[in-house]
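Asker: Please find one structure pasted underneath; my questions will follow.
The values are calculated or read from the model by the stated rules, or taken from the named source; none is laboratory data. All figures in this text were calculated on a predicted structure; none of them were measured in a lab. Please note: Cβ atoms are built from the backbone with ideal geometry, for glycine as well, and neighbour counts cover all protein chains shown. Just so you know, the surface numbers come from the protein's heavy atoms only, side chains and all, with ligands and any DNA or RNA stripped out. Shrake-Rupley method; radii C 1.70, N 1.55, O 1.52, S 1.80 Å.
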Amino acid sequence: MTTERILLGLILAGIAYGCGIILWPFLSAILWAAILAFTTWPIYRRMRRHVRPVLAALAMMGLSALFIVVPLAVLTSAGISDIPGTISEIDALILHVTSANPPPAWLNRIPMAGPHLVEAWHHFSHDIGAFATEVLRPYAGQIAHLTLTVLLRLAGGLAELVMALFVAFFLWLNGDPLGNTITALIDRIAGPHTTPRLINIIGRTVRGTVYGILGTALIQGVLTGIGLMLAGVPSPVLLAGITAFVAVFPIGAPLVWVPAAIWLGMTHHFGHGLFLAIYGILIISGADHVIRPAFIARGAQLPYLLTVLGVLGGIVTFGGVGIFLGPVLLAVGYTLTSEFAAGPHHRERNPLYLPEPPK
């Protein structure tokens, strides 16, 4: 009997290893499909009440392609084409800043404070000129190359997203039996009293991370693109994509719209710069302070360091879709580790996954 069990274990280990080798090239697509299907499962269930499951899964697949694949394709194509123009604008701005620009005439006519403001203008122009010459200009080419590399990695991730939509179609279609199987498997490992709580924790964490961190970043990118377009800033699509990327980090979006507002003010578009500054404070940052806490409160808030490592490590490991996969996987691991360290808890009264009863 012992020999038979050892042989059976070796056979099962070999089968598991073979399955892992086969599925490894599609790991990122499968993970992304699982996250997509799980976070959109309530929408799919509502649609399934009105149409057949196949039609509901096809509709979810089309909506996901419309709201995920198409914007990323537009971003990558427009961003790659806008990089040369953006670099030219940066060079022109550096030349404009480093040259001796007299202050506006109306600045000197301000009562009492006019001479002081003119003097401050000269000091500020000198400091900005030195910063642009010594810091920005030597690294402008490297920044452009890095941006182009990220866009190309993002374009490469589009193929994985298409594959993920194909996998997600079957996850939507077979979600109930698959959910029952996963629940039974966790029940065998963790026990009936711990399983509902674990499923609930994982579900809240995934949805809180996707909606709170990634969803807020995408919304801030769209809002920034609209504001830049209204203010007349060149390459708004590229800058909106950069905003969506850096907005994953805390206080990321102002890194884009604040320099844009300063650039408008220094190029004698003070009204547009003031509009963009007010728009950024009220609309862009307002979305961050309202939407992000509302969604993250439903899950576990990922520490800042893990957020940074999740985004950067996800891009290095999985490519473009790693922006989404990295923070989600680290958030789940961090939450489960914290729950395990906290000790056993009571059984969850309202588990997140409840399969629909058979009709």
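Asker: What is the distance in Å between the Cα centroid of the range 1-69 and that of the range 171-186?
Answerer: 9 Å
Asker: Place the peptides 161-174, 5-18, 220-233 in order of packing, highest mean first, counting for every residue the other Cβ atoms within 10 Å and averaging per peptide.
Answerer: Those peptides, ordered most packed to least, come out 220-233, 161-174, 5-18.
Asker: Describe numerically, in nm with one decimal, the distance between label points set 7 Å from Cα along Cα→Cβ at ALA159 and at ALA13.
Answerer: Label-label distance for ALA159 and ALA13, simple model: 3.5 nm.
Asker: At a 10 angstrom cut-off on C-beta neighbours, averaged per residue, how do the peptides 65-72, 259-266, 112-119 rank from highest to lowest?
Answerer: Those peptides, ordered most packed to least, come out 259-266, 65-72, 112-119.
Asker: The range 162-317: D in µm²/s via Stokes-Einstein (Kirkwood Rh, Cα pairs, 4 °C, 1.567 mPa s)?
Answerer: 72 µm²/s
Asker: To continue, here is another question. Accessible area per residue for the range 1-85 in Å², computed with a 1.4 Å probe and the full protein assembly in place, what is it?
Answerer: Result: 64 Å² of accessible area for each residue.
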